[in-house]
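The values are calculated or read from the model by the stated rules, or taken from the named source; none is laboratory data. What you see is a predicted model; the values in this text were computed from it and never measured. Counting neighbours? That spans all protein chains shown, and the Cβs are built from the backbone with ideal geometry, glycine included. Remember, those area values only see protein heavy atoms, side chains included, never the ligands or the DNA or RNA. Shrake-Rupley method; radii C 1.70, N 1.55, O 1.52, S 1.80 Å.
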Amino acid sequence: MERKVVFAKPEALTDAPTHYCPGCTHGVVHRLIAEVIDKLGIREITIGIAPVGCAVLAYNYFNLDVAEAAHGRAPAMATGLKRVQPDKVVFTYQGDGDLAAIGTAEIVHAASRGENITTIFINNAVYGMTGGQMAPTTLPGQVTTSTPFGRDVKIAGYPLRVAELIATTSGAAYVVRRMVTKPATIASAKKAIKLAFQAQRAELGFSLVEILSSCPTNWGLNPREALEWVEENMAAYYPLGDYKVIDEVKSLK
Amino acid sequence: MAKGTILIDEDRCKGCELCTTVCPFGLVHIANHFNAKGYRPSTLVDPEGKCTGCTLCARICPDVAITVYREGV
Ligand code: SF4
Ligand code: SF4
């Protein structure tokens, strides 16, 4: 009987093993992006921008051209790269510490200018690389190393809902939120990433896919419990959904 | 039923156990030995050839450690 490979590592990923902790969903999202790039046949024309944070070494894992931006500045760098090379597909890969704290100005203005770039936004409600401190996206009451009694919104304010915020900008074409907790939600996230890249290829404007992710290590949970925590707690505060899909993007489907 | 099998790259595996939670037939388990990184890798235990090659275990793996094969496709 003939045996065929039905699932294997995509070409747009290198063979390098990642430095991510066991069960961290960064690896899942890397793979989804790579699968979409393979599927669209755009590996030779795609440029990724890596952030500062846990994904700082993403350039070792994507088998394509990747630039490294200063903390939070990936959308600014993507703007420049895309404007001088409009035939390229340019995406940023950013965590919440990078995008929703130090990089808030860059992301809001890139979206508002309608830059024809794509942002994959990893929201895991914590600063991962630096040791699990409170991020702007940390949930009310969530215990982190810098909020040992839980985030007190009277002192630390409220978590930022990035997809909802970016969806209010006129330049945004496609803004959605997904999670990667089960094969089915992972498939839905992949579809969204594909549509975001397609929107860019059709020159429709700014696209952002926010992905609720897990950080088992800094949450103090095992990988399975961490995914349950995403579904029960994160998805409650950050509802999944399509926050802005312009008609031209809808017709891409 | 489609027949399939999986190959786990033990040295990529970090023993996170996520693949063991999604197999519809409970065929993926954590092994009793350690890999080069010091993790206990996952392993396929399928004496009756129940694996259908559905790819669910591979799709949840954060480390792309699983390759899935299907017969006669
Ligand atoms: S391919 Fe499907 S049936 Fe086979 S081990 Fe993986 S999850 Fe189980
Ligand atoms: S999901 Fe991947 S890394 Fe985790 S135990 Fe299974 S094969 Fe290993």
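Of A:D152, A:D15, which has the most accessible area and how do the rest follow, probe 1.4 Å?
A:D15, A:D152
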For chain A, what does -39500 (n - 2.57) per DSSP helix run (n ≥ 4), summed and divided by total residues, give at 222 nm, in deg cm²/dmol to the nearest 500? -8500 deg cm²/dmol
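Please list A:Y158, A:Y59, A:Y174 from largest to smallest accessible area, probe radius 1.4 Å, with all protein chains kept in place.
So, going from the largest accessible area down, we get A:Y158, A:Y59, A:Y174.
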First select every other residue whose beta carbon is under 12 angstrom from the beta carbon of A:E2; then total the charges, Lys and Arg +1, Asp and Glu -1. +3
Rounded to the nearest 0.05, what FRET efficiency is calculated for A:A184 and A:I155 with R0 set to 56 Å and r the Cβ-Cβ distance? 0.90
Accessible area drop of at least 10 Å² (1.4 Å probe, protein heavy atoms): which residues of the range B:36-61 qualify, relative to the chain alone? B:K37, B:Y39, B:T55, B:L56, B:A58, B:R59, B:I60, B:C61
Could you list, in their original order, any pairs among A:K9/B:K14; A:K9/A:K250; B:K3/B:K37 whose Cα atoms are separated by more than 24 Å? A:K9/A:K250; B:K3/B:K37
If pairing requires two Cys Cβ atoms under 4.7 Å apart, which cysteines of chain B are left without a partner? B:C13, B:C16, B:C23, B:C51, B:C54, B:C61
Rounded, prolate or oblate, given the Cα gyration tensor of the range A:125-169, with a/c below 1.5 counting as rounded? oblate
Expressed in square angstrom to the nearest 10, the accessible area of B:R70 with a 1.4 Å probe stands at 60 Å²
Can you compute the modelled spin-label distance between B:F25 and A:E231, with each label point 7 Å from Cα toward Cβ, in nm? 2.3 nm
Is the protein assembly as shown rounded, prolate or oblate when judged by the Cα gyration tensor, a ≥ b ≥ c being the square roots of its eigenvalues, rounded requiring a/c under 1.5 and prolate requiring a/b larger than b/c? oblate
Quick calc, the protein assembly as shown, dipole around Cα centre from Cβ unit charges on Lys, Arg (+) and Asp, Glu (-), nearest 20 debye, gives 380 debye
Potential lengthening between A:V143 and A:A67 on full extension [0.36 nm per residue; Cα-Cα distance subtracted]: 24.0 nm
Starting from the Cα gyration tensor of the range B:4-70, take the square roots of the eigenvalues, sort them a ≥ b ≥ c, and report rounded, prolate or oblate (rounded when a/c is under 1.5, otherwise prolate if a/b is larger than b/c, else oblate). prolate
Enumerate the residues in the range A:30-59 having an amide nitrogen under 14 Å from the point lying 7 Å beyond the Cα of A:M129 toward its Cβ. A:49-59
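Test of understanding: what is the full-extension gain from A:I246 to A:E164, defined as 0.36 nm times their sequence separation minus their Cα-Cα distance? Intermediate values should be presented prior to the final figure.
Details: separation 82, 0.36 × 82 = 29.52 nm, distance 1.46 nm.
Residue separation times 0.36 nm, minus the Cα-Cα distance, leaves 28.1 nm.
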Potential extension, A:D38-A:A16 segment - 0.36 nm per residue separation minus Cα distance: 6.2 nm
Ordering A:R73, A:R113 by how much accessible area each has at a 1.4 Å probe, largest first, what is the list? A:R113, A:R73
Just to confirm, what accessible area per residue do you get for chain A at 1.4 Å probe, in whole Å²? 40 Å²
